[in-house]
Amino acid sequence: MDKYKLSPQGCCELKFSLCCTCRKLQATIAEISWKGCLKEEYAQLKERYEKLKAYNNKKKVEASDRIMKQEDYYSDRLLARQQEIMTDYLKILELRAELAHIEL
């Protein structure tokens, strides 16, 4: 138990090494700009959106070839709604990037 201590800074330390790591991590986090976070968030959302869009398009083609059950209809509607919301959010991030002169 005594190898784990609470440091004066309030973080857990393993014989001082973790506390040093905490300070390095805090410094690294401070260096990340909100612009970089916006770009990363946009890229991740865009990737997920494209995957969902491809899946929804595939489901539409499959649905046209068969009779849908009620559960499938609600599931498909929910995924379609999620895609619509993701589209709106992408547009918001694009507008924020344009106003801040950030190239996505």
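Step through the residues of the stretch 78-95 one at a time and calculate ³J(HN,Hα) from phi using the Karplus curve (6.51 cos²θ - 1.76 cosθ + 1.60, θ = phi - 60°), rounding each to whole Hz and writing x for Gly and Pro.
Working through the residues one at a time gives 5, 5, 5, 5, 4, 4, 4, 5, 5, 4, 4, 5, 4, 5, 5, 5, 5, 5 Hz.
Need one number: nm distance between label points at Ser33 and Glu71, each 7 Å from Cα along Cα→Cβ, rounded to one decimal.
5.0 nm
Too long at a 25 Å Cα-Cα cut-off: which of Lys39/Lys91; Lys69/Lys91; Lys35/Lys58; Lys46/Lys69?
Lys69/Lys91; Lys35/Lys58; Lys46/Lys69
Rule-based calculations on the coordinates, nothing more; no lab input. Just so it is clear, the structure is predicted and the values come from calculations on it, not from any experiment. Don't worry about glycine lacking a Cβ; one is built from the backbone with ideal geometry, like all the others, and counts go over all protein chains shown.
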